[in-house]
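Notes for the one structure printed next.
The values are calculated or read from the model by the stated rules, or taken from the named source; none is laboratory data. Keep in mind the model is a prediction, meaning the values are calculated, not measured. Note that each Cβ is placed from the backbone with ideal geometry, even for glycine, and that neighbours are counted across all protein chains shown. Only protein heavy atoms, including side chains, enter the accessible area calculation; ligands, DNA and RNA are left aside. Shrake-Rupley method; radii C 1.70, N 1.55, O 1.52, S 1.80 Å.
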Amino acid sequence: MPSKGVGRGRLGLGRHWRRGRGRGGEGGKGSRCFDIADRATSDALAGHALVAIYFGASWCSCCCEFARDLAAFCEALPSRDLDDDERFRVVFASLDRDAEGFWSDFEEQGDWAAVPFEDEARRDALAARFSIDSLPALVFVDLRNGETVTADGVRYVQMDDCMEPRDCLAALMNDRPDPGRDARRAKELAEHRAEGLRRAEALRDAVVTAPECVSWSAEQFEARCGTSDFKECVPYEDEAQMESILAADFVSSCAHLLKGDPRARPFWSALQALWSMGLSFSDEAARPRAERVREAVVASGALPRCVDVLKDLAESDDAGASLEWIVHLLSEHADRGLAELLVTQDAIGALTALLKRKDVGNRVLFSLYGVVLRTDEATRAAREAGAVEILKALWDETYEPGLASDDSHGLVGQDLCELLALLAPELYEAYFGGLKVLAEEEDGATAA
């Protein structure tokens, strides 16, 4: 059992919980919600290792939805099924404006407790202590030492959309602060950075001293560089490491490998690395670094080489992996004159032919829509290459009258409609009008 000092002093929950006499009245819903009647905080939380302080309000629609999710989460995790250090109890710290709102938000919850609504100072102090600046919020605190396990409890509860509640709780516990574990992770990260840089420099040295490495096997790269999967060298979200990688000419080294066999693992591994580097920095502050990476890719000459390979492999039956990564990489450079490059290198036909393949993925569609159709010249070239006929055949295959759509090509809904609208507006109007009629008939049948 946690000490009273931890319960009252460190958490600041207040000494007593009070039985509610809200809308449920004595013995009604309100009294069942509190079920603690004038007992000290440490007694109220006896048998629990954690307290989950839930900050919410009835006027917040997101809170109302999350409260239901949290209640279901708790119901799926009864204390009897949890380990001693996993048992928790929810404490509601309402930020409602009045008692009526508090009760409307709280009375349906079962075994929750609450900071007395009348103790506004206590509720405000808790919100300030945990820096609550948005709702809903859920803070898990370890009752044994008063330390915050996580202030992002909402995220863990909502993970049950794709995980079992038991696994969500396990993830929360695994992510809790642990100085020893954090030190180990820091050491592992430092070692990973050093190894990634060593491999990048080994690749650069191989390219400089043995340009014929483009014909090496994966085993030869393993022996020389320690890896043939160059995506392992990409320093995700690591600014300092990215600077080192750029200084090691990693981009140009990967671009050099694109002179090799597109079916070989080192080739498409280098493609993966180039594409991944451009995506490594996703937040606003990191965009200048991402731009530097993309500029390095352009300067390396990788894009014209990718276009050449695209033309060579468009009709090949055994190059799906390389083709897909080529399309990925080209897509990331859609705003760098790529449409003009494709026209200049007479590659519109090859890119259009990829629409017939099932092993490349619907990124081809995004490429055709987002890259090729940016200029009138490219659009004309796509029409001349038979894009309209290909899309028409795919539409007929995907939307057979009276049948549900089939996404075997990934060409469903908005993607296919937008391509048709750009390449063949009259065909789009005819087809889309027919779909609207089918939809209206289905809606009418459902209503009936």
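Some observations on this one:
- Pairs, first in contact (Cβ under 8 Å) with a residue 12 or more places away in the chain in region 197-209, second in a helix (DSSP H, G or I) and aliphatic (A, V, I, L, M), C-beta under 9 Å, six or more apart: LEU197/ILE245; ALA200/ILE245; LEU203/LEU257; LEU203/ALA270; VAL207/VAL214; VAL207/LEU257
- Residue ID - modelled with the highest pLDDT, chosen from residues in region 271-286 that are open to solvent by 10 Å² or more (accessible area, probe 1.4 Å) and small (Gly, Ala, Ser): ALA285
- Of all residues in region 40-58 being outside any helix (DSSP H, G or I) and more than 29 Å from the chain's Cα centre (by Cα), the one that is modelled with the lowest pLDDT: ALA40
- In region 127-141, the residues that are in contact (Cβ under 8 Å) with a residue 60 or more places away in the chain and over 12 Å from ILE53 (Cβ atoms): LEU135
- Within region 138-221, helices (runs of 4 or more DSSP H) holding 3 or more residues that are over 31 Å from the mean Cα position of the chain (by Cα): 179-209
- Across region 307-329, the qualifying residues are those that are open to solvent by 10 Å² or more (accessible area, probe 1.4 Å) and at pLDDT 80 or above, and the one among them that is nearest to PHE267 (Cα to Cα) is TRP325.
- Top-ranked residue in region 67-106 [being more than 25 Å from LEU143 (Cα to Cα) and surrounded by 14 or more Cβ atoms within 10 Å (Cβ to Cβ); ranked as modelled with the lowest pLDDT]: ASP105
- Residue identified as modelled with pLDDT under 80, under 22 Å from the mean Cα position of the chain (by Cα) and assigned to a helix (DSSP H, G or I) among ALA240, ALA290: ALA290
Rundown of residues vs (1) open to solvent by less than 70 Å² (accessible area, probe 1.4 Å); (2) at pLDDT below 90; (3) in contact with an Asp or Glu (Cβ under 6 Å, 6 or more places away or on another chain), yes/no style:
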position: ARG176; (1), (2), (3): yes, yes, no
position: GLU212; (1), (2), (3): no, no, no
position: GLY226; (1), (2), (3): yes, no, no
position: LYS231; (1), (2), (3): yes, yes, no
position: ILE245; (1), (2), (3): yes, yes, no
position: PHE250; (1), (2), (3): yes, no, no
position: ALA255; (1), (2), (3): yes, no, no
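- Close Cβ contacts (under 8 Å, 6 or more residues apart or on different chains) running from residues in region 255-267 that are in contact (Cβ under 8 Å) with a residue 60 or more places away in the chain to residues that are surrounded by fewer than 17 Cβ atoms within 10 Å (Cβ to Cβ) comprise PRO262/ASP312.
- Pairs where the first residue, in region 295-318, is on the phi > 0 side of the Ramachandran plot and the second is at pLDDT 85 or above, C-beta under 8 Å, 6+ apart: GLY301/ALA255
- Test set (1) farther than 30 Å from GLY301 by Cα; (2) open to solvent by 70 Å² or more (accessible area, probe 1.4 Å); (3) at pLDDT 60 or above - THR446 fails condition number: (3)
- Region 117-126, residues that are buried (at least 18 other Cβ atoms within 10 Å of the Cβ) and either more than 12 Å from VAL91 (Cβ to Cβ) or touching a residue at least 60 places away in the same chain (Cβ under 8 Å) (or both): PHE117, LEU126
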